[in-house]
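Novice: What follows is a single structure, and I will ask about it in a moment.
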Amino acid sequence: MDFVVGGIAGVGAAIFSNPFDVIKTRMQLQGELSARNQHAVHYKNIPHAMYTIVKHDGVTALQKGLVPALWFQLVVNGMRLGIYQHADNQGFLRDEKNNTKFTNSLVMGALSGMVGAFFGSPLQLVKTQLMSYSSEKIAVGTQHAHTGMTYAMGKIYQKNGLGGLWRGAHAVDANGRGLLYSGIMDCARKITKTEGLLAFYKGMGPSYLRQAPHTVLLLVFWDMLKDLQKSLELKA
């Protein structure tokens, strides 16, 4: 039940934060591997990005990738919050005086986060590819033209096998090798060389506007659902 509670809390928060995730994704991909002033600027800031997306793709485009985003939250937060809460329920995180054990909490937090990230990675991949897909006039990054989550997963699996679902969001060749980056370090090196260090902070504004309310709503929903869980267990 702890896993279900954590997952549902993440789903509830994602419904409200998803539009900012779309904007963040588009702004981060804009001008990829291009020097400043050497590429078209479709998204100048958050209000302009919202206006541009609605103008060219319609208001529903602000919720692109919502289905995999909700599944991503269900899996990731179900895993990390569920595992962490289960460990707490088993007394692993507290001493005999009910004080938090810092080291145990740190280890369990890292472990639960890694498990959630691993199982959620394919959904993150599909979510990003769906969010970045737009009309040609405002397109940024690789355009995969997926029609939905199931189609995207099937297409990726058919082309690159199961391992392809754990790759980055960019295009790959017939052998599953990235066309732009060969790995994390190669990606960081190319971004620094072509776009500069500040490129690592692209989309910081919408990222904050996504994370701030998402984190608040996630924890509020989590506490509310845990209270509901306890009341139902008392009645049973």
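Just so you know, all these numbers are worked out from the coordinates, no wet-lab data involved. For clarity, every value in this text was computed on a predicted model and none was experimentally measured. Note that we place each Cβ from the backbone using ideal geometry, even for glycine, and neighbour counts take in every protein chain shown.
Novice: Under the rule of -39500 (n - 2.57) per DSSP H run of 4 or more residues, summed and divided by the residues of the chain, what mean residue ellipticity at 222 nm is obtained, to the nearest 500 deg cm²/dmol?
Specialist: Only helices count here, giving -22500 deg cm²/dmol.
Novice: Right, something else. What are the chymotrypsin sites (Phe, Trp or Tyr not before Pro) within region 32-119 that DSSP puts in a loop, where the Cβ has at most 16 other Cβ atoms within 10 Å?
Specialist: Phe92
Novice: Using alpha-carbon positions, what is the distance between the centroids of region 194-225 and region 89-113, in Å?
Specialist: Their Cα centres are 26 Å away from one another.
Novice: In debye, nearest 20, what is the charge dipole magnitude of region 89-236 about its Cα centre with +1 on Lys and Arg Cβ and -1 on Asp and Glu Cβ, if you could check?
Specialist: Dipole size: approximately 200 debye.
Novice: Still on this structure, please answer the following. Would you kindly state how much longer the chain becomes between Asn37 and Leu162 on full extension, computed as 0.36 nm times their sequence separation minus their alpha carbon distance, in nm to one decimal?
Specialist: That pair, Asn37 and Leu162, stretches by 41.1 nm at full extension.
Novice: In nm, to one decimal, how far is the Phe118 label point from the Thr103 one, both placed 7 Å along Cα→Cβ?
Specialist: 2.4
Novice: Out of (1) 19.5; (2) 18.6; (3) 17.7, which label holds the value of Kirkwood radius over Cα pairs in Å that was computed here?
Specialist: Recomputing Kirkwood radius over Cα pairs in Å here picks out (1).
Novice: Give, rounded to the nearest 20 debye, the magnitude of the charge dipole that region 25-153 has about its Cα centre when Lys and Arg contribute +1 at Cβ and Asp and Glu contribute -1 at Cβ.
Specialist: Using only the charged Cβ atoms, the result is roughly 280 debye.
Novice: Further question: In nm, give the distance between the simple-model label positions of Ala110 and Tyr201, each being 7 Å from the Cα along the Cα-to-Cβ direction.
Specialist: With each label point 7 Å from Cα toward Cβ, the separation is 2.8 nm.
Novice: For the cross-link pairs Lys159/Lys190; Lys127/Lys155; Lys44/Lys137; Lys97/Lys235, which exceed 23 Å when the distance is taken from alpha carbon to alpha carbon?
Specialist: Going by Cα-Cα distance, Lys159/Lys190; Lys97/Lys235 fall outside the 23 Å limit.
Novice: On a straight-distance basis, which lysines could pair with Lys193 in a cross-link, Cα separation under 18 angstrom, same-chain partners fewer than 8 positions away excluded?
Specialist: Within reach: Lys202.
Novice: Where does the charge balance sit around Gln30 when Lys and Arg score +1, Asp and Glu -1, over other residues with C-beta under 14 Å from its C-beta?
Specialist: +4
Novice: Answer with one residue from Gly78, Gly163, Val216: the one whose Cα lies farthest towards the positive end of the charge dipole of the chain, charges on Cβ with Lys, Arg +1 and Asp, Glu -1.
Specialist: Gly163
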